Amino acid sequence: MSDTAEKIQTVHAGFAAKLTAILGALEAEGVLPAGTQHRGVTAEPPRDPSHGDLATNAAMVLAKQAKTNPRELAGKIVEKLAADPDVISAEIAGPGFINMRLDPSVWIAELRAIAAMGDAYGQSSMGEGEDGKRTRVNVEYVSANPTGPLHMGHCRGAVVGDALASLLEFSGHDVTREYYINDAGGQVDVLARSAHLRYLEALGEDIGEIPEGLYPGDYLKPVGAALAEVHGDTFKTAPEAEWLETFRTGAVEQMMELIGSDLALLGIEHDLFSSEAALHAAGKPDAAEKWLREQDLVYDGVLEAPKGKAPPEDWEPVELPLFRSTLFGDDQDRPIKKSSGAWTYFGADLAYHFQKAENADAMINIWGADHAGTVKRIKAAVAALTKGAGREIPFDVKLVQMVQLMRDGEPLKMSKRSGNFVTLADMIEEVGKDVVRFTMLSRKPEAQMDFDFAKVVEASKDNPVFYVQYAHARIHSNMRKAAEEGFAASDEHIDQLGAEELELIKLAAQFPRLVEAAASAREAHRIAFYLYELAGAFHAYWNLGNTQVDKRFIVAQNPEISGARLFLSEQLGQTLRNGLRILGVQAVEEM
């Protein structure tokens, strides 16, 4: 948070502080008991704007502690609010809510605050602890298997994770963006065999049809060519045991380079890449098992036979190390090792999170919705591991639904195994990074989404990325026009702004509060929703000028109101830019 931002208090933060002071005064007077907890007390815009500018639930939340009626306590709070010159009125509503109307000067001051804070407007120190240190948050996202280029199945989680990381940084957290490379599973052996086939092809062999079970995509041709250039014909006739590990390592490295270049097209860069193979080599899963056994959360037991149908003929009970996931709501305890002694994905995942927790105060994973069944048990295991290590780390998993690709209303079918799929690079080349990023955030991650190549580039109100970017472009265009006609933005006469303009300021003023709420909920899409609302309000005001000349931003006969409205326009543009920056979307100046 910049020094400028720290010196200026925005309207919502200011009234939260005033409310805290009022509650402190009531405590000193004996109206509230000593040490009253204010948790759950809010001061925010009411859902219905006709009720006022701000509403607080303080009396409702604190009445039980005060052992009094909520409306009676509300009356005491209203008495204090009435003495504040910034409060025009404070009224009790319903069972004890308090609605306030603020003096217009409050909103005029907020407009000047936006101008003074500039790029820092909306930034928060909520991520800082009492010791001044920023909370370290590890956000893991994408983590696609390194077996091919990224496609639409990875895109949404990539954008959601990256925008969340930016939001947390904007709100004062120390963020590490991490990618977990699944380079120890059977799919990587399949990749190595597929790369070896392309290696033979690069050496001039006719490989014919790609055998069933291998990756057929042409994206492996450059991998095979690169391996041929490095190794020549050394492994042309060698048995698999001699080349498998070499080809696995080389293919993964090249796939990660490809994935990195795809993510760069989307404006995404990770701070840390962690290898599952390296995790095993370092003995991390063994350390995790040791912790869990010490807490009696792992024991040696026999899995139940598969439920719902007769077990396979070759099924037999085997003793395995099991995690007590039934203690945390699971329907059965889960193995952390296979009968072969190899670690299960769940077992390796425990060790990976144990490793992450060494350098984090909080962890967030962005997973596909198909992982929903493992969330409860992995969260429980991580809680046990970190608590056993002496420091329980908050751990959250955000699930992201798949996206259905459409073209002119018709679904596009794709299959990674057949090699027939739309890559992330293809998408960005066709519609652009900004369109992809904003569209992925235009719905809640847990809601299913259709991505229609035709609709996402429409110049219409129904296309949110166009609507928001067009608002910023309109503002920039209007400022150029004003300069050409000899007008300039000025705050000298902004007290002349009327009711419609004040409503725009009130909406812009919600941005800092919204940033904190979105960061607290780990929901970056709230910023996209807010920007669409702010853009809509700006466009609606702009359209007033089509029928009412005196409502235009530039009124030739009135340079004072023109300067004030241009100043307002500048600050709306600043707020849009700050929000778009969080989302990783450009604030365009022309369209």
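Every read-out reported here was derived from the displayed coordinates using simple, explicitly stated rules and does not represent laboratory data. Here the structure is a predicted model, which means the values were calculated and not measured. As a convention, Cβ positions derive from the backbone with ideal geometry for all residues, glycine included, and neighbour counts pool all protein chains shown.
Please report how far the C-alpha centroid of segment 215-284 lies from that of segment 499-552, rounded to the nearest whole angstrom.
If you average the Cα positions of each part, the centres end up 47 Å apart.
Please go through the residue pairs Lys284/Lys444; Lys337/Lys379; Lys284/Lys337; Lys284/Lys379 and name each one whose alpha carbons sit more than 24 Å apart in this structure.
Lys284/Lys444
Restricting to DSSP H runs of at least four residues, report the calculated mean residue ellipticity at 222 nm for the chain, -39500 (n - 2.57) per run over all residues, nearest 500 deg cm²/dmol.
Result for the chain, helices only: -15500 deg cm²/dmol.
So if R0 is 22 Å, what FRET efficiency would Ala372 and Ser520 give, r being the distance between their Cβ atoms, rounded to the nearest 0.05?
0.45
Modelling each spin label as a point 7 Å along the Cα-to-Cβ direction, I'd like the Glu446/Arg293 distance in nm, to one decimal.
Here the modelled spin labels are 3.8 nm apart.
Quick check on the exposure proxy: order Met440, Met406 from fewest to most C-beta atoms within 10 angstrom. Working shown, then result.
Numbers: Met440 26, Met406 16.
So the residues, fewest neighbours to most, are Met406, Met440.
Quick one: dipole size for the chain, taken about the Cα centre, charges +1 on Lys/Arg Cβ and -1 on Asp/Glu Cβ, in debye to the nearest 20.
1440
At a 10 Å Cβ-Cβ cut-off, how would you order Asp491, Asp300, fewest neighbours first?
Asp300, Asp491
Given the pairs Lys18/Lys133; Lys398/Lys433; Lys290/Lys387; Lys18/Lys76; Lys133/Lys387; Lys18/Lys80, which span a C-alpha to C-alpha distance of over 18 angstrom in this model? All intermediate terms of the calculation are to be shown ahead of the outcome.
Details: Lys18/Lys133 26 Å; Lys398/Lys433 23 Å; Lys290/Lys387 14 Å; Lys18/Lys76 14 Å; Lys133/Lys387 22 Å; Lys18/Lys80 10 Å.
In this structure, Lys18/Lys133; Lys398/Lys433; Lys133/Lys387 exceed 18 Å between Cα atoms.
Quick check for me: using +1 on Lys/Arg Cβ and -1 on Asp/Glu Cβ, what's the dipole size of segment 464-583 about its Cα centre, in debye to the nearest 20?
Working: 12 positive and 14 negative charges, 110 e Å.
Dipole of segment 464-583, to the nearest 20 debye: 520 debye.
Roughly what angle does helix 221-231 make with the longest principal axis of the chain, taking Cα atoms, 0 to 90 degrees, to the nearest 10?
So the inclination is approximately 60 degrees.
Separation between the Arg581 and Glu212 pseudo-spin-labels, each 7 Å from Cα along Cα→Cβ, expressed in nm?
Distance between the two pseudo-spin positions: 5.6 nm.
Quick one: putting +1 on the C-beta of Lys and Arg, -1 on the C-beta of Asp and Glu, what dipole do you get for segment 186-265 around its Cα centre, in Debye to the nearest 20?
Here the size comes out at about 100 debye.
Could you list which residues have their amide H under 5 Å from that of Phe395, counting only those 5 or more apart in sequence or on another chain, with H placed in the peptide plane?
For Phe395, whose amide H was placed from the backbone, the distant partners under 5 Å are Met363.
I'd like to know which of Tyr541, Ala488, His525 lies farthest towards the positive end of the charge dipole of segment 464-583, counting +1 on Cβ of Lys and Arg and -1 on Cβ of Asp and Glu.
Checked the options; the winner is His525.
Taking a label point 7 Å from the Cα of Glu242 along the Cα→Cβ vector, which residues of segment 162-197 have an amide N closer than 19 Å to it?
Residues 192-197 qualify, since their backbone N sits under 19 Å from the label point.
Just the Cα atoms of the chain, one point each, no solvent: what log10 I(q)/I(0) does Debye give at q = 0.11 Å⁻¹?
-1.15
Return one number: the angle in degrees, 0 to 90 and rounded to the nearest 10, between the long axis of the Cα atoms of helix 186-202 and the longest principal axis of the Cα atoms of the chain.
Tilt relative to the chain: about 70 degrees.
Can you tell me the orientation of helix 284-294 relative to the chain, as the angle in degrees between its alpha-carbon axis and the longest Cα principal axis, to the nearest 10?
The helix 284-294 is inclined about 80 degrees to the chain.
Taking the mean number of other Cβ atoms within 10 Å as a proxy for protection, how do you rank 113-120, 573-580 from highest to lowest?
Sorting 113-120, 573-580 by mean packing, highest first, produces 573-580, 113-120.
Using the number of other C-beta atoms within 10 angstrom as an exposure proxy, rank Asp162, Asp174, Asp233 with the fewest first.
In order of increasing Cβ crowding within 10 Å: Asp233, Asp174, Asp162.
Report the one residue of Ile181, Ala447, Leu405 whose Cα lies farthest in the direction of the positive end of the charge dipole of the chain (charges on C-beta: Lys and Arg +1, Asp and Glu -1; origin at the Cα centre).
Positive-end residue among those listed: Ala447.
Can you tell me the length gained on complete extension of the stretch Ser50 to Glu128, counting 0.36 nm per residue apart and subtracting the Cα distance?
Fully extending the segment from Ser50 to Glu128 adds 24.5 nm.
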